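*Asks:* I have a structure here, written as C-alpha cells, and I will follow up with some questions on it.
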Amino acid sequence: MRCVLLLRGVNVGGAKRVPMVELKRMLSGLGLTDVRTLLNSGNAVFTVPARTPLPRLTTTIEAAIEATFGFSSRSFVLSAVELDVVIAENPIVDHIDNPSRCLVAFLRPGEDGKRLGPLVKQDWGRDAFAVGSRACYLWCADGIATSVLPDALGKAVKHEVTMRNWATVLKLKSLCDSGQ
C-alpha cells in the first residue's frame, strides 16, 4: 500500500531541521520501502504492507522523529487512496489558475467538523474556503501571504493541520502513482 507522510512545521524558518536524506533513512529503518521524499518540507511517499494500521504507523513515525531529530512534529499519514479522495473532493478546483494560491489543509483523522462551521459560513471576499472529508481547501486569490484564511483555520482547529499547496499535492499523487 502506497502512503504519503506530511510533517507539520519542519524546515520552516530554520526551526526543526529535517534533512530529507535523514528522513528517508529513518523511514526505511522503520521497515518502509520505496521511500521517496519531495521538496525540503517533510513530504515523503513510501510503501507499507497492505494491512498496516495507519494510526499506529503515524504514532511510530512521530516517536521516531523525536528520537532521531530531538523534537516533536505532528505527522499526517494518508494512503494513496485517501490522497485521491482529497484531490477528488476539492470543490474549488475551478478557481485554481495559480496552484500556489490554493492550499489543501490536511486534518487529523476524526477532526470535529463543528469547529469548521463558522469558517464555512463566513464571507471571505475573493478568497474561498471549503471542507472535505479529510481536508479543507483554501483559495487565496491575492496570495497566501496576504490571506487571513490560513491563520483563521489554524486557530479554529488548534493547529492540528498541515497545509500544502495544490501543486505539491499533485506531485505527491504522481509519486504515489509512480510507485505502484
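*Asks:* Once you've got the GNM for the chain with C-alpha springs shorter than 10 Å, pick whichever of G29, G14, G154 has the biggest mean-square fluctuation.
*Replies:* Result: G14 has the largest fluctuation of those listed.
*Asks:* Sticking with this one: Using only the Cα atoms of region 1-120, what semi-axes does the equivalent ellipsoid have when each is the square root of 5 times a gyration tensor eigenvalue? Give whole Å, largest first.
*Replies:* Here the semi-axes work out to 25, 17, 15 Å.
*Asks:* Do any trypsin sites (Lys or Arg not before Pro) in region 82-149 lie in a loop, going by DSSP, with at most 12 other beta-carbon atoms within 10 Å of their beta carbon, and if so which?
*Replies:* Numbers: sites: R101, K114, R115, K121, R126, R134; in loops: R126, R134.
Here the trypsin sites (Lys or Arg not before Pro) that fit, given the DSSP loop and packing criteria, are R126.
*Asks:* Enter the mean projected area of the convex hull around the alpha-carbon atoms of region 123-180, in nm², rounded to one decimal.
*Replies:* On the way: hull surface 19.4 nm².
That works out to 4.8 nm², a quarter of the Cα hull's surface.
*Asks:* In square angstrom, what is the accessible area per residue of the chain with a 1.4 angstrom probe? Display every interim value, and only then the final one.
*Replies:* Numbers: 8790 Å² over 180 residues.
I get 49 Å² per residue for this part.
*Asks:* Report, in debye and to the nearest 20, how large the dipole of region 98-155 comes out about its Cα centre when Lys and Arg carry +1 and Asp and Glu carry -1 on their Cβ. Let's see the in-between values first.
*Replies:* Working: 8 positive and 6 negative charges, 34 e Å.
That gives a dipole near 160 debye.
*Asks:* So for the chain, taking the charge dipole from beta-carbon charges (+1 Lys/Arg, -1 Asp/Glu), which of A152, N165, T33 sits furthest toward the positive end?
*Replies:* T33
*Asks:* Per the 1.4 Å probe, what fraction of the accessible area of region 17-78, in percent, lies on carbon and sulfur atoms?
*Replies:* Values: 1680 of 3110 Å².
Looking at region 17-78 in its full context, I get 54 percent from C and S.
*Asks:* Still on this structure, I have one more. In region 54-180, with Lys and Arg counted as +1 and Asp and Glu as -1 at Cβ, which of these residues, S73, L138, I87, has the Cα nearest the positive end of the dipole, that is, farthest along it?
*Replies:* Farthest towards the positive end: S73.
*Asks:* If you put +1 on each Lys and Arg Cβ and -1 on each Asp and Glu Cβ, how big is the dipole of the chain around its Cα centre, in Debye rounded to 20? Before the final figure, lay out the partial values.
*Replies:* Working: 22 positive and 17 negative charges, 93 e Å.
With Lys and Arg at +1 and Asp and Glu at -1, about 440 debye.
*Asks:* Something else about it: Rounded to the nearest 20 debye, what is the charge dipole size of region 54-153 about its Cα centre when +1 sits on each Lys and Arg Cβ and -1 on each Asp and Glu Cβ?
*Replies:* 260
*Asks:* Right, here's the next one. In a Gaussian network model over the chain where Cα atoms closer than 10 Å are linked, find which of V104, V85, V161 has the largest mean-square fluctuation.
*Replies:* V85
The values are calculated or read from the model by the stated rules, or taken from the named source; none is laboratory data. In this text, all values refer to a predicted model and were calculated from it rather than measured experimentally. As a convention, Cβ positions derive from the backbone with ideal geometry for all residues, glycine included, and neighbour counts pool all protein chains shown. Side chains included, ligands, DNA and RNA excluded: accessible areas come from the protein's heavy atoms. Shrake-Rupley method; radii C 1.70, N 1.55, O 1.52, S 1.80 Å.
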